[in-house]
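A.B. asks: Before anything else, here's the structure in question.
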């Protein structure tokens, strides 16, 4: 399962852009309705990935790329599964005496890798710019 870090990271990037970078981790935390420490941890991941820059104690977060060049895949790769880069993990230490336990890891490998590839391709085709445009469109129609 993908954690909420991914959607929170997208939320952060959209909020930073819409507010021209004039936001703090406290402000973002209020929008996300979470603890500022959670926001700072995710912002650190986004910073390490080269998507944002900020300085402690100074109001303002800068996007390091135009939002048209930041894809959901970039965000996903910045905050999810940094150790393994695998979306799915197959349980280990199955019973080799069981017909399913003996073969499940090998049989599930290929379809799970293909599912991850397809998901990543879909994320690569959506930019933060399109997310922001949808947010603003929905907001302006209410």
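A.B. asks: Consider segment 16-31. How many of its residues are closer than 22 Å to residue 73 by Cβ and surrounded by fewer than 18 Cβ atoms within 10 Å (Cβ to Cβ)?
C.D. replies: Here the count works out to 1.
A.B. asks: Sticking with this one: Output the number of residues of segment 32-75 satisfying the condition of being assigned to a strand (DSSP E or B) and surrounded by fewer than 16 Cβ atoms within 10 Å (Cβ to Cβ).
C.D. replies: Initial filter on segment 32-75 (assigned to a strand (DSSP E or B)): 52-54, 61-63, 71.
Narrowing further to those that are surrounded by fewer than 16 Cβ atoms within 10 Å (Cβ to Cβ): 53, 62.
Here the count works out to 2.
A.B. asks: Same structure, new question: Out of contact with any helix residue (DSSP H, G or I) (no Cβ under 7 Å at 6 or more places or on another chain), more than 22 Å from residue 136 (Cβ to Cβ) and surrounded by 13 or more Cβ atoms within 10 Å (Cβ to Cβ) - does that describe any residue in segment 84-98?
C.D. replies: no
A.B. asks: Taking the residues in segment 101-142 that are in a helix (DSSP H, G or I) and touching a residue at least 60 places away in the same chain (Cβ under 8 Å) as candidates, determine which candidate is surrounded by the most Cβ atoms within 10 Å (Cβ to Cβ). Can you show your working first?
C.D. replies: First, the residues of segment 101-142 that are in a helix (DSSP H, G or I): 101-124, 128-140.
Of the ones still in play, those that are also touching a residue at least 60 places away in the same chain (Cβ under 8 Å) are 128-129, 131-132, 135-136.
On the way: 128: 25, 129: 16, 131: 19, 132: 18, 135: 15, 136: 12.
Checked segment 101-142; the qualifying residue surrounded by the most Cβ atoms within 10 Å (Cβ to Cβ) is 128.
A.B. asks: Now, a different point. For segment 1-31, give me each residue that is part of a loop (DSSP other than H, G, I, E, B), over 17 Å from the mean Cα position of the chain (by Cα) and touching a residue at least 40 places away in the same chain (Cβ under 8 Å). So that I can check it myself, show each step before the final result.
C.D. replies: Kept after step one, since they are part of a loop (DSSP other than H, G, I, E, B), are these residues of segment 1-31: 1-4, 19-24.
Narrowing the set further to residues that are over 17 Å from the mean Cα position of the chain (by Cα) leaves 19-24.
Hit for segment 1-31 is 21, nothing else.
Where a number appears in this text, it was derived from the coordinates with a stated rule and is not lab data. Just so you know, these numbers come straight off a predicted model, no measurement behind them. A quick note on method: Cβ atoms are made from the backbone with ideal geometry, for glycine too, and the neighbour counts reach across all protein chains shown.
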